[in-house]
Amino acid sequence: MTALVIRNLSVRLRKGPPLLRRVSLDLAPGEVRGLVGESGAGKSMIGKAVLGILPPSVEITGGEILLEGTDLLRLPPADRRRRIGASCALIPQDPLTALNPSHRIGPQITDRLVDILGWTRRNADARARELLAEVQIPDPDRVMRSYPHELSGGMRQRILIASAFAAEPRLIVADEPTTALDVTVQKQILKLIAGMQARHGTAILFVTHDLGVVSKVCQRLSVLYSGMVVEDARVADFFRAPRHPYSAALLAATPKYTDPTAGLNPVPDAVIEAVRAEVAAFDREVAHG
Amino acid sequence: MPILRILLLRLLTTVVTLAGVAVIVFFVIRVVPGNPIAMMLPPGATEADIARLSALYGLDKPLVTQFWIWVSGVLQGDFGTSISTRQPVLGLVLGRLPATLELSVMALVMAVVLGGAAALTGTRYRGGRTEGAIDVANGMALSVPDFLWGLILILLFGVLMPVFHISGRVTPSLDLPFSTNFYLFESLIRLRFDLWADIVAHMFMPALALAIPLAAIIGQLLKQSLKETMNLDYVTLARTKGYGETRVILREALRNAALPTLTLVGVQFTFLIGGTVIIERLFSYEGLGNMAIDAVINRDLPLIQGIVLLFAVIFTAVNLIVDLLYAVLNPRLRHA
């Protein structure tokens with residue numbers, strides 16, 4: 001059974017313009033799918049819709065989100081919340097703001113296990129220690145007693161990764177998990193996520209604007225423009241021959257650190273106009289039923 | 001270690017503050033027109049009578065000398081003798097202090113409970129009619145001053161629906177077995193719930209009148225910072241863990257949102273203690289504030305000085321407690 005299937009998901013600002021336009025994608029168990037696109041393309045919005053954390057200003061107008069066959073959008077709110085808590089997790093973007101400053105680290109890893117899944121405190125603590133060791137944090141016992149402000153950004157991101165894997169979720173949404181980090185730390189964290197993913201066999205929706213990251217950790221990717229999936233491809237095929245002109249231009253625009261003389265290749269205006277026309281055509285089609 | 005440093009620093013600033021208060025109150029009440037001797041003498045007293053009585057209370061000496069006599073007495077624990085009652089000031093003031101403390105703390109507890117409940121409910125149902133209703137109630141509570149609330153309460157629960165006592169601290173005919181003046185506290189300790197109920201029935205309305213405006217301030221500020229906290233990343237992360245709205249508010253947001261409110265409560269609590277002066281008068285409640293008004297009317301200089309100094313000590317203590325609480329609630333300060 002597929003871990004996650006999204007069918008025709010449409011989201012819009014309440015009484016406003018659409019933010020996601022009939023997005024469809026699927027994710028096999030243990031698969032990593034990159035969601036790429038420029039800012040505002042809706043890539044984070046998909047992750048938020050899956051996890052049920054869309055802002056109140058936004059509403060889902062149609063579609064299905066099937067988590068292991070169950071449509072989350074048809075579940076009563078309390079059931080949906082518990083279901084998501086039990087089998088999904090989030091690796092957030094900014095480790096500096098994603099930990100509660102007044103709670104110690106230990107409870108922030110074990111809270112879901114104890115409060116939602118009903119583990120004993122002792123088992124949950126043992127599990128947290130094990131996970132912290134797995135994300136290569138020295139002296140897990142001391143770290144569990146620490147407050148977030150006593151730890152570095154890289155440490156905190158490791159903790160958040162450990163916490164995301166705590167309940168062995170079927171699906172993790174990684175929302176630009178390396179964007180807020182130092183370039184030197186980015187690589188380690190990326191390697192860490194890839195390693196954890198491989199060991200635990202967790203499916204990951206990997207939101208990023210960095211195609212370099214996609215090439216390293218993902219098997220498939222969806223390219224988004226203005227809330228519309230313009231290309232859905234296997235990563236190997238995509239990097240060899242992107243099918244859609246917009247995603248080809250996006251790939252060409254990726255800066256190459258190995259060749260500083262190459263300069264920047266912004267997405268050409270003609271390509272932007274073409275993809276905008278596509279979005280407009282889609283909207284017209286929707287409007288006419 | 002840091003808590004000890006806070007305490008030491010506070011002790012130093014407290015000494016300076018109290019010295020300043022002593023100077024100001026001493027000279028200001030002597031500049032203000034009216035003098036205690038005139039209040040004491042019967043009509044038709046002669047110049048010689050006035051001079052004799054002035055000498056008796058040391059009021060004929062130069063101001064600076066008088067100040068010196070008073071200060072050196074205070075430093076030895078002698079706050080002088082009340083002119084109007086001819087009793088030692090310290091005993092009078094300390095005898096009334098428990099009544100005012102109990103009233104203020106009761107009012108503070110009411111304000112925190114009412115304001116906290118309003119803020120939590122408003123946050124839980126934010127953006128809807130419930131929050132709107134809470135905002136309107138807050139606005140009304142805030143725009144009416146405490147003494148007017150006192151009058152409204154007297155009218156409602158003292159006259160129209162007489163469920164509470166409107167005057168005094170305890171029914172005079174009751175036999176009180178207390179050895180301290182902390183009636184409310186001691187009646188609980190002694191398990192005399194009959195007396196406790198009577199004391200609460202006396203204290204309820206003045207405490208509520210003091211509490212309502214503060215509750216509104218707490219409710220507004222706490223709701224504001226709760227709503228801001230609810231948009232932070234760690235709250236969003238907690239939602240994905242499966243927590244419901246109420247638990248997210250209580251577990252994740254409340255403690256962090258309470259910090260700015262706490263500072264404000266400290267400042268407002270000192271205003272509340274100031275408010276006891278009028279409220280105690282209104283409800284004939286035998287506390288420090290009521291005594292302060294009598295002392296001013298009688299131009300009882302030593303008593304005024306004693307009461308003002310004691311109020312200054314209370315204000316400093318309240319601020320110290322707030323600072324310590326802040327350090328306890330905020331782990332970032334504890335280790336700094």
query: To the nearest µm²/s, what D does Stokes-Einstein give for the protein assembly as shown at 20 °C and 1.002 mPa s, using the Kirkwood radius over alpha carbon pairs as Rh?
result: 72 µm²/s
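Would you kindly calculate the translational diffusion coefficient of the range B:2-75, applying Stokes-Einstein with the Kirkwood radius from alpha carbon pairs, for 10 °C and a viscosity of 1.306 mPa s, and quote it in µm² s⁻¹ without decimals?
On the way: Rh = 15.0 Å.
Roughly 106 µm²/s, to the nearest whole number.
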task: Can you tell me the alpha carbon radius of gyration of the range B:95-334 divided by the globular rule-of-thumb value 2.2 N^0.38 Å?
output: 1.14
- prompt: So how strong a dipole does chain B carry about its Cα centre when Lys and Arg Cβ are +1 and Asp and Glu Cβ are -1, to the nearest 20 debye?
  reply: 1120 debye
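Would you calculate a helix-derived [θ] at 222 nm for the protein assembly as shown, using -39,500 (n - 2.57) for each DSSP H run of n ≥ 4 and dividing by the full residue count, to the nearest 500?
Details: 25 runs with 360 residues, N = 625.
The helix contribution divided over the protein assembly as shown gives -18500 deg cm²/dmol.
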statement: Taking A:48, B:223 and counting other beta carbon atoms within 10 angstrom, the fewest-first order is A:48, B:223
- prompt: What fraction of the DSSP beta bridges in the protein assembly as shown is antiparallel, stated in percent and rounded to the nearest 5?
  reply: 60 percent
field: Extreme residue, positive dipole direction of the range A:1-144, given options A:58, A:108, A:95 (C-beta unit charges)
entry: A:58
message: Let's see if you can work this out: charge +1 on each Lys and Arg Cβ, -1 on each Asp and Glu Cβ, no other charges. What is the dipole magnitude of chain A about its Cα centre, in debye to the nearest 20?
response: 560 debye
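Just tell me, in residue order, which DSSP H segments of chain B are both 24 angstrom or longer along the helix axis (alpha-carbon based) and at least -0.5 in mean Kyte-Doolittle hydropathy.
Values: long enough: B:2-31 (43 Å, 2.19); B:89-124 (51 Å, 1.53); B:193-229 (45 Å, 0.98); B:254-282 (39 Å, 1.14); B:301-329 (42 Å, 2.27).
Length and hydropathy pass: B:2-31, B:89-124, B:193-229, B:254-282, B:301-329.
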- line: Largest fluctuation, A:174, A:41, A:98 only, Gaussian network model of chain A with Cα springs under 10 angstrom, belongs to A:98
task: Round to the nearest 10 and give me the degree value, 0 to 90, for the angle of helix A:121-134's Cα axis relative to the longest principal axis of chain A.
output: 60 degrees
- prompt: DSSP loop chymotrypsin sites (Phe, Trp or Tyr not before Pro) in the range A:200-289 with at most 13 other Cβ atoms within 10 Å of their Cβ, which ones?
  reply: A:257
- request: Could you calculate the contour length gain from residue B:28 to residue B:5, that is, 0.36 nm times the residue separation minus the distance between their Cα atoms, to one decimal place in nm?
  value: 4.8 nm
- line: Rounded to one decimal in nm, the spacing of the 7 Å Cα→Cβ label points at residue B:228 and residue B:152 is 2.9 nm
- request: Taking the Cβ of residue B:130 as the centre, find all other residues whose Cβ is under 15 Å away and add up their charges (Lys, Arg: +1; Asp, Glu: -1).
  value: +2
message: Need the list of lysines near residue A:191 for cross-linking: C-alpha distance under 18 angstrom, and skip anything on the same chain fewer than eight residues off.
response: A:216
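Where both partners of a DSSP beta bridge lie in the range A:4-287, what percent of those bridges are antiparallel, to the nearest 5? If you can, show how the numbers build up before the last one.
Details: 22 of 39 bridges.
Around 55 percent antiparallel, to the nearest 5.
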field: Neighbourhood charge, 12 Å Cβ-Cβ cut-off, centred on residue B:66 and excluding it, Lys, Arg +1 and Asp, Glu -1
entry: +1
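Please compute the Kirkwood hydrodynamic radius over chain A, one decimal place, Å, based on all pairs of different Cα atoms. Show your work: numbers first, answer last.
Values: mean 1/r = 0.0499 Å⁻¹.
Taking every pair of different Cα atoms in chain A, averaging 1/r and inverting gives 20.0 Å.
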field: Ranking of A:231, A:59 by count of other Cβ atoms within 10 Å, fewest first
entry: A:59, A:231
query: How much net charge surrounds residue A:113 when only other residues with a Cβ under 14 Å from its Cβ are counted (Lys, Arg +1; Asp, Glu -1)?
result: +2
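Laboratory data are not the source of any read-out in this text; all were calculated from the coordinates shown. Given the structure is predicted, the values throughout are model-derived calculations rather than measurements. With ideal geometry, Cβ positions are generated from the backbone for all residues, glycine too; neighbour counts draw on all protein chains shown.
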